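The values are calculated or read from the model by the stated rules, or taken from the named source; none is laboratory data. Computed from a predicted structure; not experimentally measured. Every residue, glycine among them, receives a Cβ derived from its backbone with ideal geometry; neighbour counts consider all protein chains shown. Please note that ligands, DNA and RNA were not included when accessible areas were found on the heavy atoms of the full protein model with its side chains. Shrake-Rupley method; radii C 1.70, N 1.55, O 1.52, S 1.80 Å.
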Amino acid sequence: MVYLTREQEKILDGERGEVLQKCYRLLVKLGDVFGADRLIPISSAHLSGISYKSIGEVGLEFLEDFSVGASFAVRTTTNPCGVDLKKWKGLGVDERFVERQLRILNMLEKMGATLTLTCTPYYIYSPAYGEHLAWAESSASCYANSVLGARTNKEAAPSALASAITGVTPNFGLHLDENRKAEVVVEVEFTPVSVSDYSVLGYVIAKRVGDKVPFIRGLRCGKDELKALGASLATASPLCIFHVDGITPEAKFQETDGLEKIEVDGRDVRSVYEDFGGEDKPEVIFIGCPHLSTNELLTLSRTRNEKIFLCTSREVCNKLKLEGQVGILCDTCPVVSPLSERYERIGVDSVKSAFYLGSKACLMRREEIIHES
Ligand code: F3S
């Protein structure tokens, strides 16, 4: 049972208004189900489910009702929406869709959100080691836990919204030391050569370890690769944390003696490319799932091809002064944008977008895409 302070009990009883009461009800219920002892303060929340394509009319109406009199108690950032706010006209997005999308964004902004419109909010504000967060968007939560050593569960859209409004989250799951410990050792028996290989590797590991926290050995890589690995790991399993020997911040604390061991080799990876690949040439290609970092965008922006879209945040794009450049898509991604509905065959370099785009998707190595362009 979740212990509440006297002040929190008053909120739960509705003494501070209906919105806060509803949020507390949700968080306390969640805490009860997962055995949380109390509600703990968070330093930030990250909201998903803000694209009109994903939430539709029902979601818009819910937010419109819910937002009356509500405001965010902590720093609150937002996932990608359904359009590039500056280029939508040129890309032929329906005006009605944009009008609905802007209503959602205006509401969130009025409540106090910073409209980061990216799944990589950590490029804009990076939480410190040990900070407690309530982040929805599984790729961002997995990065925060694994690469930054911050602490968040894989929040759903409603629980992240409730935490943004209240500034607290139930203390269970990855907020606790015991649930962050390695449970299985993964020996990587091949050398990934592309960031896409890391994306595939995350998917393979997810399929092999289920819900056991992996301690991965045999990798030498940077944060862009870890981002790719974590995004597919968190897509294909309930996991939202991994450790990489000698690289991620909590790896040095892990006890690995006596843990189950599994091996992953090049054959496992090739079979994923085959499963998500295909013979037909894609009509269009989207790179940047999760959104590209400054380093990635800098390298890729030299690629000129009208068939390729590079997805990133406006913040990253502005940092490099690439605003307005053809082929760069900010604020959105193919999964949450109606743009992808126009195509039958879509090339991607990430398992996460291949997974969500389904039979339309064609998984390719990033280098292969650039080489062919
Ligand atoms: Fe980001 Fe869209 Fe991929 S939200 S993680 S680019 S599916």
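Taking the residues in region 218-272 that are of a type in the set (A, V, I, L, M) and open to solvent by 30 Å² or more (accessible area, probe 1.4 Å) as candidates, determine which candidate is nearest to residue 294 (Cα to Cα). Among those that are of a type in the set (A, V, I, L, M) and open to solvent by 30 Å² or more (accessible area, probe 1.4 Å), it is 247.
Could we say that residue 335 is outside any helix (DSSP H, G or I) and within 16 Å of the ligand (Cβ to nearest atom) here? Judged against the criteria, residue 335 is a match. Of all the residues in region 84-98, those that are part of a helix (DSSP H, G or I) and either under 25 Å from the mean Cα position of the chain (by Cα) or under 19 Å from residue 313 (Cα atoms) (or both) number 2.
Taken over region 247-262, the criterion of being over 14 Å from residue 207 (Cβ atoms) and in contact (Cβ under 8 Å) with a residue 24 or more places away in the chain is satisfied by 247, 248, 249, 250, 251, 254, 255, 256, 259, 260, 261. Entry remark, region 302-327: residues being outside any loop (DSSP other than H, G, I, E, B), touching a residue at least 12 places away in the same chain (Cβ under 8 Å) and within 17 Å of residue 124 (Cβ to Cβ) number 7 in total. The residue that is farthest from the chain's Cα centre (by Cα), among those in region 338-364 that are under 25 Å from residue 121 (Cα atoms) and in a loop (DSSP other than H, G, I, E, B), is 349.
Looking only at region 304-313, residues that are more than 14 Å from the ligand (Cβ to nearest atom) and either under 14 Å from the mean Cα position of the chain (by Cα) or under 24 Å from residue 352 (Cβ atoms) (or both) come to 3 in all.
Could you list all residues from region 94-107 that are open to solvent by less than 50 Å² (accessible area, probe 1.4 Å) and away from the ligand (no atom under 16 Å from the Cβ)? Within region 94-107, 97, 98, 100, 107 meet the criteria. Among the residues of region 120-150, those identified as in contact with a Gly (Cβ under 8 Å, 6 or more places away or on another chain), within 11 Å of the ligand (Cβ to nearest atom) and within 15 Å of residue 77 (Cβ to Cβ) are 136, 139, 143.
Among the residues of region 146-178, those identified as farther than 21 Å from residue 8 by Cβ and in contact (Cβ under 8 Å) with a residue 12 or more places away in the chain are 146, 147, 148, 149, 150, 154, 156, 157, 174. When the residues of region 324-338 are filtered to those that are out of contact with any strand residue (DSSP E or B) (no Cβ under 8 Å at 6 or more places or on another chain) and open to solvent by 10 Å² or more (accessible area, probe 1.4 Å), the one that is modelled with the lowest pLDDT is 324. Taking the criterion of being more than 16 Å from the ligand (Cβ to nearest atom) and either farther than 19 Å from residue 306 by Cα or open to solvent by less than 10 Å² (accessible area, probe 1.4 Å) (or both), the only residue of region 339-361 that qualifies is 359.
For (1) assigned to a loop (DSSP other than H, G, I, E, B); (2) more than 21 Å from residue 138 (Cα to Cα); (3) of a type in the set (Phe, Trp, Tyr), each residue gets a yes or a no:
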| position | (1), (2), (3) |
| --- | --- |
| 31 | no, no, no |
| 39 | no, yes, no |
| 45 | no, no, no |
| 53 | no, no, no |
| 60 | no, yes, no |
| 68 | yes, yes, no |
| 73 | yes, yes, no |
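The criterion of at least 2 residues that are in contact with an Asp or Glu (Cβ under 8 Å, 6 or more places away or on another chain) and within 16 Å of the ligand (Cβ to nearest atom) is met by the following strands (runs of 3 or more DSSP E) wholly inside region 187-301: 284-292.
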